[in-house]
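Presented below is the structure to which this report refers.
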Amino acid sequence: MRIATHCRLWGRSLRAKHFVVAAMVVTSLLLISSQNANAIPAFARKYGLRCSACHESWPMLNYFGQKFKDNGYQLMNDRDSPIWQNPGYWPVTMRITPFWSRESVNKVAVDTAPTGEQKITTTGFNLSGLDILAAGTLDKNISFLLVPSSDETGAFHFESANTRFSNLFHSPWLNVKVGKFELDSFISEKRTLTLSANGGGYQLFHFIPQNDGNIFGQIGDNQLGVEWMGHSNNDRTRISAAVFNSVDGNVDLPYGQNAYTAFFAASQAFDTGKLGVQRIGGYAMIGQAPTTYLTNAGALLPGTGTGNKSFSRVGFEGLFYVTPKLDFQVFTQHGEDDAWFGACYGDIIDGGTPCTNNNIAGTTLPQGAKNPTWNGAFIETHYVWNPQFVIIQRSEWVRMSQQGLPGVANNYGDIDNYVIGYRYNPFMNPRAGFAFHNEYSWLRQRGTAPDGSDLTSNSLMLGFDFDF
Amino acid sequence: MPNKLQKLFPGLVAAAILALPLAASAQLTQADLDSHLGMESHIANLTGHAKDAKMAYRRYCLVCHGDLGDGNGETAQWIDPKPRNFQLGIFKCRSTPTGTLPTDQDLYDTIARGLDRSNMPQWSTFSNQERADLVAWVKHFSPRFASEKPGDAIQIPPEPEVTAERIKAGREVFARVQCWKCHGATGQANGPSSSTLQDDLGRPILPFNFTEGSRPKCGSDDKDLYRIFMTGLDGTPMPSFADNIKPDEAWDLVFYLKALEPQPSKERAMAKQLALKPVDPNAPAGQQ
């Protein structure tokens, strides 16, 4: 959820912007706090396989790892039930990343600066958050994932908590998951190979236009609901549908009483001979979320949200191999929020949001308000020199095609993000994962600096990423 | 009066003869293996090249089968059954007669099917070409593939219609060729020999339990079952019965084995209707 915070913090109202930018340096360091990524040596210990069997480079899944996940964390070799394990086997993994970084922001509002703003650069050692990944099978075809996750201060939340019933009626097309889970995009931000503050997540997985009150349509955040998923025996064909509360994964239903979102994904892989297997697919997220809340003595009543308005995110994704060592992940998105969200109605429960508008009776939209819409894409390239060394590059762009409110510059809030780095695993065994991670990322957001110009920031990160 | 050397001579000769197989199966070196990197496989229209599978083997297979393909990967010590030693060129799952090399297609199928009740998963996610390359890579570990040709795949006659008579006849075959000695009278892997079985390398091995619902290692359809007992599982105590069971009887045995399995099937339903009892190990021949 860190990029969500990131985007929200990066601009709603001008009033909030000064606070936002002033906190940018600190925030950017916090953003790296929790990768929430799933690379699970507990699986390697259970099955005696190296990380490289399931991960192109951990934590990014390869095709075999995707199939393992789609089978409900099972290899389907009759050794999946925990009854086959030594009673001392404990299906738990922990991941944390100590690192050094240099974070720089071009314009931060500063009282003592002659122009009221200045560039701030910070360097130093830091620590990521901790992920505790407990996952495995409870019995044949019944699996679980539980991820208590903390930020770097030790404040925990449940990033994932779900149970999955796999191969119902002996069919790989009938798998049902209930709880809090990652949405079924085969390009997974939870398993991204990038970690830095400005490049650690996918912007499109959390993008919200400036001054928009919709926090609910973030495909990168784990959600609370139920998912049906089906796949062919060799996983060439995958299809899924999920329904979840429009609460952005937050527990205790803090928002609406009857607001749901649906997420659909489908993909097909093709055998292309020497190049391996290529995959192409699409997704659609369609949902509603509240804009109206009851109050008592002026205070908001959680869970009373009504006045649902709609939003959508649709796009294509693909994983293409140009050579067996070089692949491209491509992801696109067209997004649209209802005009009410664009006018800063929506999430007024979250203390971190600057939107405070409540769509009570008699409220009207500002003159000329429209549905904010945008388009975006990223291309992420991996050159796998060998299973222990991978070079990563990502270029990502988000472009507003229609602003929610009149008078706002067409390119206000547009994003350009570039990342380059490498991960080197000095050893690889079926017990633990360790990678030396070096990455540089650069981010520009149009018109969001304190003076209304472009805000740019960059991160340089050197870390020791390990899990065991 | 023979001198000391003459006295020792018979013993030395015996020792030399006994050492021959050891020398023949001596560990191959990397240099030996590199000399076979030109190994190819041929599966339908595909030609696999060993050299193209090096990275895939390192990524997926090396941890169990080892750098030299000798089954001594870093995980090998922890898992049971142990990984295959490719250098020996002995494979369980074949369509070829016992003692012969498998066809490329056999190895190709094994990679995708995996081996149930072992750590070998179903590597069905590879592209066909990747799998063909891996077959060539597996072959390059054993000098047998450089010097011998694989056997001819056995002929499997068309599967006849299952009948109650055939299931009863299969029960007779089960008793006659003494399947029960290892697999038990009820197919529960509890025959009198079951606890004493060892593979060719002297490691304990269990017979297949037909009643627990697992899939046999070399495939679970009717033809696979037929093939298993007509070719044997080389390297294990499971012999080939090609000389003891006629093709028609083999199908009878397949139907009887299917009747032992817990999954709902025509064979199981018929056996229930017949109220078939387990074979009696003490019954005279032909009087089951």
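Values in this text are rule-based calculations from the coordinates and carry no lab data. Computed from a predicted structure; not experimentally measured. FYI the Cβ positions are ideal-geometry reconstructions off the backbone, even for glycines, and counts take in every protein chain you see.
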Legend entry - Isotropic mean projected area of the C-alpha convex hull, segment A:48-142 (nm²): 9.8
Legend entry - Charge-dipole axis of segment B:175-217 as Lys and Arg at +1 and Asp and Glu at -1 on Cβ define it, positive-most pick from B:L201, B:Q188, B:V177: B:V177
Inset, instruction - For the protein assembly as shown, give the magnitude of the charge dipole about the Cα centre (Cβ charges: +1 Lys/Arg, -1 Asp/Glu; no others), in debye to the nearest 20. - result: 940
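Grab the alpha carbons of segment A:292-346, take their convex hull, and tell me the volume per residue in Å³.
Working: hull volume 6.8 nm³, N = 55.
Roughly 123 Å³ of hull volume per residue.
Within 10 Å of each Cβ of B:111-123, how many other protein chain Cβ atoms are there on average? All intermediate terms of the calculation are to be shown ahead of the outcome.
Numbers: counts 0, 2, 1, 4, 2, 4, 4, 3, 7, 3, 13, 8, 4.
Mean number of neighbouring Cβ atoms from other chains: 4.
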Inset, instruction - Just grab the label-to-label distance for A:S232 and B:Q30, each label 7 Å out from Cα along the Cβ direction, in nm (one decimal). - result: 4.0
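What's the average, rounded to a whole number, of partner chain beta-carbon atoms within 10 Å of each residue's beta-carbon in B:128-135?
Values: counts 3, 7, 7, 1, 1, 2, 0, 0.
Mean shielding by partner chains, rounded to a whole number: 3.
Give me the Kirkwood hydrodynamic radius of segment A:91-164, using the inverse of the mean 1/r over all pairs of distinct Cα atoms, in Å to one decimal. Please list the in-between numbers first.
Values: mean 1/r = 0.0644 Å⁻¹.
Value: 15.5 Å, from the Cα pair sum.
As an exercise, find the ratio Rg/Rh for the protein assembly as shown from alpha-carbon atoms, using the Kirkwood inverse-distance average for Rh. Provide the component values of the computation, followed by the final result.
On the way: Rg = 31.4 Å, Rh = 29.3 Å.
Expressed as Rg/Rh, it is 1.07.
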Legend entry - Sequence of B:I228, B:I90, A:I379, A:I40 once ranked by neighbouring C-beta atoms within 10 Å, starting from the fewest: A:I379, B:I90, B:I228, A:I40
Legend entry - Convex hull (Cα only) mean projected area of chain B, reported in nm² to one decimal: 20.1
Inset, instruction - Report the normalised scattering of segment A:294-447 as log10 I(q)/I(0) at q = 0.12, 0.14, 0.16 Å⁻¹, calculated by the Debye formula with identical scatterers on the alpha carbons. - result: -0.75, -0.87, -0.98
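How large is Rg/Rh for segment B:105-194, to two decimals, with Cα atoms and a Kirkwood Rh? Walk me through the numbers before you get to the answer.
Details: Rg = 18.8 Å, Rh = 17.0 Å.
Reported Rg/Rh, Kirkwood definition of Rh: 1.11.
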Legend entry - Dimensionless Rg over Rh [segment A:120-212; C-alpha; Kirkwood]: 1.07
Inset, instruction - Would you work out which of A:A289, A:Y345, A:G225 lies farthest towards the positive end of the dipole of the protein assembly as shown, given +1 charges on the beta-carbon of Lys and Arg and -1 on that of Asp and Glu, about the Cα centre? - result: A:G225
Legend entry - Most fluctuating residue given options B:R171, B:R59, B:R94, as computed from a GNM of chain B linking Cα atoms under 10 Å: B:R59
Legend entry - Length-normalised contact order of chain B in % [C-alpha pairs under 8 Å, at least 6 apart]: 18
Legend entry - Estimated dipole of segment A:173-215 in Debye, rounded to 20 [Cβ of Lys and Arg +1, of Asp and Glu -1, Cα centre]: 180
Inset, instruction - Please report, in whole Å, how far the alpha carbons of segment B:106-261 spread along each principal axis, starting with the longest. - result: 46, 36, 31
Inset, instruction - Provide the per-residue ³J(HN,Hα) series for segment A:378-385, in order, calculated from phi with Karplus coefficients 6.51, -1.76, 1.60 and θ = phi - 60°, each as a whole number of Hz, with x at glycine and proline positions. - result: 9, 10, 10, 10, 10, 10, 9, 4
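What's the FRET efficiency of B:K266 with B:Q77 using the Cβ-Cβ distance as r and R₀ = 45 Å, to the nearest 0.05? Walk me through the numbers on the way to the answer.
Working: r = 44 Å, r/R0 = 0.98.
Efficiency at R0 = 45 Å is approximately 0.55.
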Inset, instruction - Enter the angle in degrees (range 0 to 90, nearest 10) between the Cα long axis of helix B:247-260 and the first principal axis of the Cα atoms of chain B, meaning the one along which they spread out most. - result: 80
Legend entry - Per-residue HN-Hα couplings for segment A:216-222 [Karplus 6.51, -1.76, 1.60; θ = phi - 60°; Hz; x = Gly/Pro]: 7, x, 9, 6, x, 8, 5
Legend entry - Taking N as its residue count, the alpha carbon Rg of segment A:214-366 over 2.2 N^0.38 Å: 1.30
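If exposed means no more than 13 neighbouring beta carbons inside 10 Å and the site is in a DSSP loop, what's the longest run of chain B without any exposed GluC sites (Glu not before Pro)? It would help to have the intermediate numbers written out before the result.
Details: sites that count: B:E148, B:E161, B:E212.
My reading of the result: B:1-147 is the longest stretch.
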